[in-house]
1. With the radius of gyration and the Kirkwood radius both derived from the Cα set of the range 75-222, what is their ratio Rg to Rh?
2. To the nearest 0.05, what FRET efficiency results for Phe414 and Tyr506 with a Förster distance of 30 Å applied to their C-beta separation?
3. Take every Cα-Cα pair in the range 266-320 and report what % of them are more than 13 Å apart.
4. Students sometimes get this wrong: rank Val74, Val311, Val452 by accessible area, probe 1.4 Å, all chains present, largest first.
5. What FRET efficiency would be calculated for the residue pair Ile272, Ala16, taking the C-beta separation as r and a Förster radius of 51 Å, to the nearest 0.05?
6. Would you please give the FRET efficiency between Ala279 and Glu384, computed as 1/(1 + (r/R0)^6) with r the Cβ-Cβ distance and R0 = 45 Å, to the nearest 0.05?
7. With bins 10 Å wide starting at 0, give me the P(r) of the range 257-361 over every alpha carbon pair, in whole percents.
8. Testing the spin-label approximation: label points 7 Å from Cα along Cα→Cβ at Gln168 and Met339. State their distance in nm.
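The values are calculated or read from the model by the stated rules, or taken from the named source; none is laboratory data. As the structure is a prediction and not an experimental result, all values here were calculated from the model. FYI the Cβ positions are ideal-geometry reconstructions off the backbone, even for glycines, and counts take in every protein chain you see. When the accessible area is computed, the model is the full protein with side chains, heavy atoms only, and any ligands, DNA or RNA have been set aside. Shrake-Rupley method; radii C 1.70, N 1.55, O 1.52, S 1.80 Å.
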Amino acid sequence: MLFQKLGKFVVRYPIAILCFWMVFAVAAALLPPHWNDVTLDGDLAFLPAGLPSVEAERLYREAFPQRQAKSQLVFAISRKDEPLTEDDLRFADNMASPLQNAQGVILYKAAIADEVPPTKEPEDDLSAPLQYAMDAWEESALLDSKNWHPLWNMAYASKQHGDADAEQQFLEHAMTLRPELKDETLELVPEDPFNWNQFDVLTRHTMVCGDMLTSKNGHAVLVVVESRNEFMATDNIRVLQEATQYVDTWRERAQEAGFMHLEIGVTGNAAIGGEMLMAAKESIANTELYTIVLVIVILLLIYRTPMLLAVPLLSIAVSFIISSWLVASLTQVHLLPGMEWFDFKVFKTSRIFIVVILFGAGTDFCLFLIGRYREELARCRDHELAIAQALAGVGEALTASAMTTVVGLGMMFFADFEKYRNSGPAIGLCLLITLLTCLTLAPAIMRFLGQVLFWPWGDTQSFVEKSRPVSAGWWDLISRLVCARPGLTLTVVVLLLGIVGFPSLYKQASQPAGRWRCRTTCSAISVTTAWPSRRRFRSAITSP
C-alpha cells in the first residue's frame, strides 16, 4: 500500500521531485563542510586502546613526552665501487643543510606564534624554542659553509631579539658569501620552506645516533628527517612528491659537480606510507572511472537504449553527492551545544567503499525498477500507470534488500577499531540515501522523459516486448531446469562449490591452533629521546 501511494505521488509530481533532489545536490556540492576538509587519515591513532602496540606507544610518550616524531623520511647517499670519500660525505652534508635551515625556519615561526613578542635585554638567553631554531641554523651553516640562508636567518632572529652585535656578525658572514645581500631586506629565507611537518633532522654529526647513519663499510650515509605525520597520513603523498623533487635536484647537482658515482634516493616509513597512499588514491580514481564505464557498457548491452542510462547514472550521482555531504556534516554535530558526546569521524579511505557500494547497489535498484517498468509498459501501454505499478511491485523488495545491508553495515558500530566503527554506519547512511533516490528520483526521471527513454527505437509495443535483456533466454532455461529437477540442481551446485572451496577449508583446518592466536605488533621507535637533538659539534661561527 505504501509503495502504491508512493508510485502515484511520483507520477503526479515528477517535476517537484526532480527540483527537490537537484537543489539538494547543488547545495550539498557548494555548502560546507566538504569531504576533504573533515575526513581523517592514518590508522595508528584509532586502534583500540588495549592493543599491545598502543599500550607501548602510550608508555613511550609518557617516558619521553617531548618526542613528537611519528615517521621518518630518509635520504640515502651511496656509491657501489668504494667507500664514500671526504668529498662525498661533504656533498651529503651540503644536501642536509637546506633541510636543517628549513627546520630552523619552522621552529622559529612556531616559537613566535606561541610566544609574546620578546622584551628581553640583549644579554638575556633566548627561550628554549627560539634556541632550538638557532641551533638548527647553526648546524645548517656548518653542514654547508657556502649556504648563506642560515646566516641570514640568524641575523634576522638576532635583530628581533635585540642583539645588534650578533646581527652584525651574521650579516657580515652572509654578505661575504653573497655580496648583493646588502641591498636586500632582512627576513627569513626561504619564505616558503619545506613543510613536511618535520620535528628534527638527523645527520652523521648528530649526537648519540649520528654514527648509526653511516654504513659499516662506508659505502652509504643517511640523512633522516623526522616527521610528526603518521606513516599512513595522506599528507605524506605531498611530502613524498616534494622529497622526490628534492632528490632529483640534488642528483642534477651531483652530476654537475662531478659526483656521477653517487646514488641518491629517498626511503623511510613516511615515504613508504606515501607510496601506499598514492597507490590507493590511484586505485580510487581507477575504481570510480572503471565502475562508471562498466555500468554504462552493461546497461547498453542489456537494454540497448542509451537514454535509459540517465536513470541510474543521475540517481547514483545525486545520491553520492548528497550522502557524502551528509556524512561530512555528521562530523560537525559535536560542535552543537549539548552534542559534545557525538564524536563521529569519517576517513578518507572510506570513499572507495562508498563509490563501489553506491554504484553497485544503485545500479541493481534501478535495473529492478526499469525491468519491472518494461514489463508493465508492455502489458498496459501507459507510461504513468507502468511507472506506478513498477514502483509498487519492486518497492518492498528493494527496501528489504537495502535495509538488510544497512543494518549489517550498522553492526560495525560495535567494532573496537574506530575506523571500522565509524565507517560502517557512514556507508550504511550513504546506501540509505541511494535507496531513497532510486525510489523517488529514478521513477521521476522516467516519468519526465516518457517516450524519450526508448530513443532512438521508440516505445512501440513490438520493441518493448522484443527488447528484453539479451540474457533473458538464459534465465528462462535456468528457471525451467531448477523447477523441473530441484534435487539434481542442488546436488550439482553443492558439489561444484565444494570442489572449489574444499582446498581452502582444508588448509585452514590443518593449521596449528597457536598460529591463529598469534598476534604480532611492530612499532618504529626513534633512537633519540629529547627535543630536537643537540648536535655533536657546537662550534660558534666567528666573523672572518
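1. We get a ratio of 1.02 for the range 75-222.
2. After rounding to 0.05, the efficiency reads 0.40.
3. 68 percent
4. Val452, Val74, Val311
5. 0.45
6. That pair, Ala279 with Glu384, gives E of 0.35.
7. Histogramming the range 257-361 at 10 Å steps yields 11, 27, 24, 18, 11, 7, 2 percent.
8. 6.3 nm
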